[in-house]
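The values are calculated or read from the model by the stated rules, or taken from the named source; none is laboratory data. These numbers come from a predicted model, not from an experiment. FYI the Cβ positions are ideal-geometry reconstructions off the backbone, even for glycines, and counts take in every protein chain you see.
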Amino acid sequence: MSEVIIENTIEDIQNIELDFTEYHGISIDDIEIETEAIEEELLAKYNYKEDDSLADIDQFIVVNGCPKAPESKLGALSKVINKVFSSVGEIANMEVPVENGSTKGFAFIQYTLPESAKKALKLLNGKQLDNKHKFIVNSFKDLEEYGSPDFSAEFKEPELSEPKGSDSLNNWLLDSRDQFFMAKDMDSQLVWNRGSEVPELICESSKWVEQAPPRFTVDGRFLITLHEQGAASWGTDSMIELNKFPHVNAKRFDISKTGKFLVTFSPEPIRSAYASFTEESIGHNIAIWDIQTGTLLKTFPLPPISNLKQKPPTWPFIQWTSDDLYCARLGPDAIATYDTSKGLKLHEIIKVENIQSFQFSPSKCQVGRTTDNVSDILTYWTPELTNQNCKVTVMEFPRKRVLRSVNVIQVASVSFYWQNIGHYLAVKIDRWANKTRTKISSNIEIINFKETNFPVTKLELTERVLALSWEPKADRFATISIDENTSSLEDTLPSKIVQFFNTLLTPAGSKSWVLAYQTGRSHTNRLSWSPLGRVLCVGTAMENRIKNSELKFFDMDYTGTHNIVTKLVSAEEAEKLQPQKKQKKPRGFMDQQEEEESLSGTQLDRVGKVFNKGNGLRLRELAGYTSLSYTDFSWDSTGRFFSVFCSSAKVSAGNGYKIFAYNGKILRQEDQMGFKWLSWRPRPQVELSAAELKKIKKQLGEYSKKFKEIDSRANDLNFAKAKEMKRKLFNEWKAYREETAKKSGDYKLFDFDPIVENLAEGDHIVEEIISTTTTVVDDE
Amino acid sequence: MRVLNLVLHTRNLNQVKYNKEGDLLFTAAAEGIVGVWNAFTGELLGTLEGNEGTVNGMAATTDSRFMITGSGDATLRTWSLQTGENLQKYELGYVNSVAISPDNEYVACAISPIMGFEGSVQIYKLNKETGEISEKPITTLKYDPENKENLGFYGKLGFSYENKYLFVSTNDGSVLRFKLDELLNGEHKIDNYIKVHKEVIMDLQFSPDLTYLITASRDRFSKIIDVESMDLIKTYENMYPLNTACITPIKDFVLMGGGQDAKSVTTTDSKHGGFEIKLLHKIFNNEISEFKGHFGPVVSVAVNPQGTSFTSGGQDGTVRVWFFEPTYFDYTVDISE
């Protein structure tokens, strides 16, 4: 009898008692019930079958292919079989049937554990005993099944099971809202962003944040998480686990450019063959997986460092072309490239002596006259040696035609910064500014792939550029720089400047880049362009010694007349000229400048510097925050929202997140102790044609009308819900106070709040929410 | 918002308190001085000087004539508030907190088991006319580490309405309730208790009518407990450890203050220490406003019984009196059908 059944009987007996109306008033103990009959009835009801054989049929195996030996040698044969088959687990019983004085050539073995039987099936099936004899191991269950007369030997085409959630992988895109992932302590959630409202929960898990923060693939279809046992992918509407990528102790992972492949890296080399790793993988640290199928494609060891001039390899160790057709890794004096369409077969080894680093373009670039003549671009550089200049090479890949090479001297290091659609490449060259090699200033060489022959524009700066960021799909960029003449990176808090570069058309008709504006000194360490361009976030995140975060939103295409540039220029001019008396204006009219100043509410950054009247840049500060405390920030993939968060992994206090609108207005902020991570779910690239896009843009008004309706309906509902919640809380409190009043008897309670009075009189209460009162008092 | 900055204390504050009418304000600080202030103008009316150690707790009689202070110099003292004269001085032990019963008949003090003294709660008879307390305690409730029900040693205490109960908080986060008449008869049975916090309870204050109380703990939570049923009524969460919380009269709000420990503050900016005083709606549990000004943890917050202002004392040695703006009094919430 199983326990479940017993429980049911007791329950049912109690139910039966209720049915026995004629026994009403008599306690259950006094009633004699034929429990056996009820049991039988229940057994029939629950279709319960007694099964004496128990479930240990899995313990048995049948071994075919044993030698047929005379009965006299039965003992020796049993010994041999026992020896072989006890290697996988303890044998409980063994039977070698004998017929007509000879063994029948097979044996029955019962293991103490079903797992041992499984092992035997896996490991000993097909094992050679000697030249003539080979064991064929079958589970008893199979034999029973195949041996039964019901078993049809006819081939039936197996029914294909539906692939796990393949069509629901993209369902989330049907919603116009964005999703983001957030983690607090061990718990993580995937939620719908609802701007200022509480995000709507989609699903949550305590498994997603273990070894590293999870990441979405580029198209947003899969969430990749990292665990002690390896990586895992999650997807579909309810975020179920789709595939596992077992790589013990993996500490890092990277996703290829189109999101097809996953690279996992463990600092500990693979020691033995396990899961999908074979003997070949022993000693390797890097594994490449197919995300969709979960199959292991290839493993790599860390490249050897043969030559001392070469820097140790930096993460990510594997780089991908824009279409994921090829991947490459850096080796000593060479780049090894692999073809993903041929199962990551070695494609070619490109020998480059002393190669320092290389990079693929983020998308295909036009390399010929016609627009369909496109190719991936590979860039790399080699350092300066005694009789050799530093050389930056830009070549087509996989055709290996060198498009450009730049020779420079006095070079400390080179970095590549691609514009996101591959129109421009900025090569930042850090050069020694003095003979003692203590100071660095940067050159930026911009290669323009939009024009024929790929013209190079050279910008020689006096500052050292630390970071550079291109405006998406546009030609402007901003940099974070440090002037090594006045400040050094070794300083406790090196002061940096942010420079904005704009383009100009030269008289010859080609593009050139010029410095347009530079901010005053700050500790800025982050730059982030809106994915739509135009808006740039300049921020100071908390790290190392920086305890004060700042954030500024810049609009690069402000259409009003009074932007930062004109303000600064006019301020400069005003200083030169005599201060003019303000003209009286007719009442009710506001000067346009005043109006704009009152709108923007930001003060003029007088420490900023404008070059050549701004070189056509119409910059305006949209919003600025000085005490936010955050450690990371990011845009959502549509450029509608911006988020900052303060991670408990980096800072112990002030954890939480904030969501901004694209114009820098705070929509939502939530402080949560232990808040760890926030990342937006990216959207796949739009696959609509230009005409279709145009059509949608035309009908934007109608769409927005529809969405506004949905929004307002949702808002009404939320508002009603919140109100309902408040009413419930209030009624609870009221009930509590009434109870207290009852209990305390003559003692007079005093509840002053007008809410209580108003409600008692049945009045409606006018809603009024006061603004946050913030008073900062100077301490003198 | 009008803010008064009261300058007197040189070291960290321990407690701020109003008298029953709300016209006098008392401040007790670590250098051993108690300040007596005009609660509306911030004028210093006088000081009670004589304590040789930090003044941990104080309580004034409802007629504002006398005051009892408990100090780290191991003394319990009685004072005349009219003259500032020290009337009595008893050496009892490290006094953690002091309370006077609502009818001014009894004085209770909690003594911490440190500096070689036994931990206990002692109750004295108070003479309403002379302001003097009985020489011997009526009863001494000893802290017994062997007793399983004695959940950590005694911290803050307070009397409920009509002298019914004495509430004592313990440093393991429990609130104990004793029936006062039983205690006076020498019966030391815990009437009821509730463990509400994971860490030490730093403050225990009552609602204006003494029918429910609010706690503040270093575990970042503040909780409202009903006096009669000992039920947990409300829970308020803060981002930082709390030192103090109080319930406002007139409006349904609670005020909470605290901040990061002094030792971890050095590693953060004062902006990130959580030194703001928070105003929350008592019933709806939403943050209404915050008051910035202290540059160290807030140790004690007391609201004027008239409901028009409140006072905060900080570890930075500053005392601030904050007067509510008209918007505060106009605040209502729409909960109509």
- Heads up, the strands (runs of 3 or more DSSP E) in the range A:92-192 (entirely inside) with at least 3 residues that are more than 30 Å from residue A:234 (Cα to Cα) are A:106-111, A:136-139
- What are the residues in the range B:317-328 that are part of a loop (DSSP other than H, G, I, E, B), over 13 Å from residue B:292 (Cβ atoms) and within 10 Å of chain A (Cβ to nearest Cβ), if any? B:324, B:325
- Message: I'm checking my understanding of the structure. Among residues of the range A:654-688 that are of a type in the set (Gly, Ala, Ser) and either crowded, with 21+ Cβ neighbours inside 10 Å or away from chain B (no Cβ under 13 Å) (or both), which one is farthest from residue B:286 (Cα to Cα)?
- Response: A:679
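Pick out the one residue from A:217, A:236 that is at pLDDT 90 or above and closer than 30 Å to residue A:669 by Cα.
So the residue among A:217, A:236 that is at pLDDT 90 or above and closer than 30 Å to residue A:669 by Cα is A:217.
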- Among residues belonging to the range A:715-740 that are of a type in the set (A, V, I, L, M, F, W, C) and facing chain B (nearest Cβ under 9 Å), point out the one that is farthest from residue B:230 (Cα to Cα). A:725
- Query: residue A:755 fails exactly one of the following numbered conditions: (1) more than 7 Å from chain B (Cβ to nearest Cβ); (2) assigned to a helix (DSSP H, G or I); (3) at pLDDT below 60. What is the number of that condition?
  - Reply: (1)
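Here's the yes/no breakdown for (1) crowded, with 22+ Cβ neighbours inside 10 Å; (2) assigned to a loop (DSSP other than H, G, I, E, B); (3) modelled with pLDDT of 95 or more; (4) in contact with an Asp or Glu (Cβ under 7 Å, 6 or more places away or on another chain):
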| position | (1), (2), (3), (4) |
| --- | --- |
| B:20 | no, yes, no, no |
| B:26 | yes, no, yes, no |
| B:47 | no, no, no, no |
| B:52 | no, yes, no, yes |
| B:76 | yes, no, no, no |
| B:82 | no, yes, no, no |
- Note on the structure: Apart from one, (1) in a strand (DSSP E or B); (2) surrounded by 21 or more Cβ atoms within 10 Å (Cβ to Cβ) all hold for residue B:9; the odd one out is (1)
- Message: Would you confirm whether or not the range A:439-451 contains a residue that is surrounded by fewer than 18 Cβ atoms within 10 Å (Cβ to Cβ), basic (Lys, Arg) and assigned to a strand (DSSP E or B)?
- Response: no
- Item | Options A:282, A:255; residue that is more than 21 Å from residue A:348 (Cα to Cα), more than 25 Å from the chain's Cα centre (by Cα) and β-branched (Val, Ile, Thr) | A:282
- Within the range A:483-496, can one find any residue that is of a type in the set (A, V, I, L, M, F, W, C) and surrounded by 19 or more Cβ atoms within 10 Å (Cβ to Cβ)? no
- Name the single residue, out of those in the range A:432-452 being of a type in the set (Lys, Arg) and under 12 Å from residue A:412 (Cα atoms), that is modelled with the lowest pLDDT. A:437
- Could you tell me whether residue A:391 is of a type outside the set (Val, Ile, Thr) and either in contact with a strand residue (DSSP E or B) (Cβ under 9 Å, 6 or more places away or on another chain) or in a strand (DSSP E or B) (or both)? yes
- Answer with yes or no whether residue B:60 is among the hydrophobic types (A, V, I, L, M, F, W, C), more than 17 Å from residue B:322 (Cα to Cα), within 18 Å of the chain's Cα centre (by Cα) and away from every other protein chain (no Cβ under 14 Å). yes
- Query: Applying the selection to the range A:630-653, what residues are of a type in the set (Val, Ile, Thr) and at pLDDT below 90?
  - Reply: A:638, A:651
- Note on the structure: Taking the range A:234-254 and keeping residues part of a strand (DSSP E or B) and crowded, with 23+ Cβ neighbours inside 10 Å leaves A:235, A:245, A:253
- Message: So, residue A:140, is that one touching a residue at least 40 places away in the same chain (Cβ under 8 Å), assigned by TED's automatic domain parsing to the domain that holds residue A:265 and of a type outside the set (Val, Ile, Thr) or not?
- Response: no
- Item | Near pairs, Cβ below 6 angstrom, 6+ apart or cross-chain, from the range A:515-526 (in contact (Cβ under 8 Å) with a residue 24 or more places away in the chain and farther than 27 Å from residue A:445 by Cβ) to any residue that is part of a strand (DSSP E or B) and among the aliphatic types (A, V, I, L, M) | A:523/A:546
- Message: Please return the ranges of strands (runs of 3 or more DSSP E) entirely within the range A:309-357 where 2 or more residues are farther than 19 Å from residue A:395 by Cα and more than 26 Å from the chain's Cα centre (by Cα).
- Response: A:345-351
- Message: Suppose the filter is assigned to a helix (DSSP H, G or I), touching a residue at least 24 places away in the same chain (Cβ under 8 Å) and either surrounded by 10 or more Cβ atoms within 10 Å (Cβ to Cβ) or aliphatic (A, V, I, L, M) (or both); does residue A:728 pass it?
- Response: no
- For the range A:442-470, what are the residues that are of a type in the set (D, E, K, R) and without any contact (Cβ under 8 Å) to a residue 24 or more places away in the chain? A:458, A:460
- Message: Checking the conditions here, which among A:691, A:649 is away from every other protein chain (no Cβ under 12 Å) and either closer than 16 Å to residue A:182 by Cα or assigned to a strand (DSSP E or B) (or both)?
- Response: A:649
- Given the conditions (1) crowded, with 24+ Cβ neighbours inside 10 Å; (2) within 12 Å of chain A (Cβ to nearest Cβ); (3) within 28 Å of residue A:729 (Cβ to Cβ), report the number of the one that residue B:314 does not fulfil. (3)
- Task: Would you check if there is a residue in the range B:167-176 being part of a loop (DSSP other than H, G, I, E, B), without any contact (Cβ under 8 Å) to a residue 40 or more places away in the chain and surrounded by fewer than 22 Cβ atoms within 10 Å (Cβ to Cβ)?
- Result: yes
- Message: I need a count of the residues in the range B:86-100 that are among the polar types (S, T, N, Q) and surrounded by fewer than 22 Cβ atoms within 10 Å (Cβ to Cβ).
- Response: 2
